Amino acid sequence: MLDTNMEETVSEKSKIIAQDVRVLYGDKEALRDVNIRISEKMVTAFIGPSGCGKSTFLRCFNRMNDTISDCRVEGSIMFDDQDISQIDPVMLRAKIGMVFQKPNPFPKSIYDNVAYGPRIHGRARNKAELDEIVEKALRRGAIWDEVKDRLHTSGTGLSGGQQQRLCIARAIATEPEVLLMDEPCSALDPIATAQIEELISELQQNYSVIIVTHSMQQAARVSQKTAYFHLGTLVEYGDTKDVFTLPKNEQTEAYISGKIG
């Protein structure tokens, strides 16, 4: 049986608590009875074969599944002791930012890409404050030095890896507390991937990061906690080193050893 790891240790404060989460697309069940605690200021990796439900579960946290007409989410997800179903989705997404699989900068300037969120949420009282927010986000996104002299050129003119770091800067410009990353490196080359992984390690100092990845090597490199999903079920969840070296479940061991994929 799954060890849901629902007991909270003193050193690990839970940022998100999911209980009995079930997701259905019409009559088709995509996830069933998922229970998990996401620790604050740690990197948590979701791994598993294609179609196992890991991205669907990730999108539950900021209510992105609400945008899909035939999708229904059941169960409870608490964010800082608040039920996310009671939080306005726009406000929730400011607190729980998201970076997608394919870099998707707006067809605007680099500056306006990052300034967009702070503007709509009223985070700056004047241009000087907005400038400061943009610079801080670009620095945290590890791209400031590369773009500081061309802030008013289009974000779509950057390389793939730069675009993804710009999207990360855009996501953190609203000062979120959680950053969701849905396979953020799958469209990138090895050098850009290494840059994003290094950035993820830095980001956990300020954010709780949840990353969906097909790469077990990436999960092992960047995360402290790993959750393994299979056919819509959370099979195993625990410290990354334990999941990869001493898995408790035979299914987890089979996936990690390459027997199933």
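The values are calculated or read from the model by the stated rules, or taken from the named source; none is laboratory data. Because the structure is a prediction, the values reported are computed rather than measured. Cβ sites come from the backbone with ideal geometry, for glycine too, and all protein chains shown count toward neighbours. When the accessible area is computed, the model is the full protein with side chains, heavy atoms only, and any ligands, DNA or RNA have been set aside. Shrake-Rupley method; radii C 1.70, N 1.55, O 1.52, S 1.80 Å.
Spot the failing condition for residue 52; the list is (1) outside any loop (DSSP other than H, G, I, E, B); (2) touching a strand residue (DSSP E or B) at 6+ places or on another chain (Cβ under 9 Å); (3) hydrophobic (A, V, I, L, M, F, W, C), and only one is missed.
(1)
Quick one: how many residues across the stretch 113-130 are out of contact with any Phe, Trp or Tyr (no Cβ under 8 Å at 6 or more places or on another chain), open to solvent by 60 Å² or more (accessible area, probe 1.4 Å) and closer than 21 Å to residue 150 by Cβ?
Here the count works out to 3.
Can you tell me which residues in the stretch 50-87 are basic (Lys, Arg) and touching a Pro at 6+ places or on another chain (Cβ under 7 Å)?
Correct list: 63 only.
Here is a yes/no grid of residues against (1) within 22 Å of residue 255 (Cβ to Cβ); (2) within 15 Å of the chain's Cα centre (by Cα); (3) buried (at least 19 other Cβ atoms within 10 Å of the Cβ):
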residue: 194; (1), (2), (3): no, no, no
residue: 220; (1), (2), (3): yes, no, no
residue: 226; (1), (2), (3): yes, yes, yes
residue: 232; (1), (2), (3): yes, no, yes
residue: 236; (1), (2), (3): yes, no, yes
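Condition check: closer than 30 Å to residue 118 by Cβ, at pLDDT 95 or above, open to solvent by less than 80 Å² (accessible area, probe 1.4 Å) and not in a loop (DSSP other than H, G, I, E, B). Does residue 36 satisfy that?
No: the conditions fail for residue 36.
If you go through the stretch 88-108 one residue at a time, do you hit one that is open to solvent by 10 Å² or more (accessible area, probe 1.4 Å) and either in contact with a Pro (Cβ under 6 Å, 6 or more places away or on another chain) or assigned to a strand (DSSP E or B) (or both)?
Yes, some residue in the stretch 88-108 is open to solvent by 10 Å² or more (accessible area, probe 1.4 Å) and either in contact with a Pro (Cβ under 6 Å, 6 or more places away or on another chain) or assigned to a strand (DSSP E or B) (or both).
Of the residues 140, 72, 63, which single one is free of Cβ contacts under 8 Å to residues at least 40 places away in the same chain and open to solvent by 10 Å² or more (accessible area, probe 1.4 Å)?
63
Being more than 14 Å from residue 111 (Cβ to Cβ), touching a residue at least 40 places away in the same chain (Cβ under 8 Å), surrounded by fewer than 18 Cβ atoms within 10 Å (Cβ to Cβ) and of a type outside the set (Phe, Trp, Tyr) narrows it down to one residue among 208, 159, 154, 201; which is it?
Of the residues listed, the single one that is more than 14 Å from residue 111 (Cβ to Cβ), touching a residue at least 40 places away in the same chain (Cβ under 8 Å), surrounded by fewer than 18 Cβ atoms within 10 Å (Cβ to Cβ) and of a type outside the set (Phe, Trp, Tyr) is 201.
Can you name the helices (runs of 4 or more DSSP H) wholly within the stretch 141-248 that have at least 2 residues being of a type in the set (S, T, N, Q)?
160-172, 190-203, 216-222, 240-245
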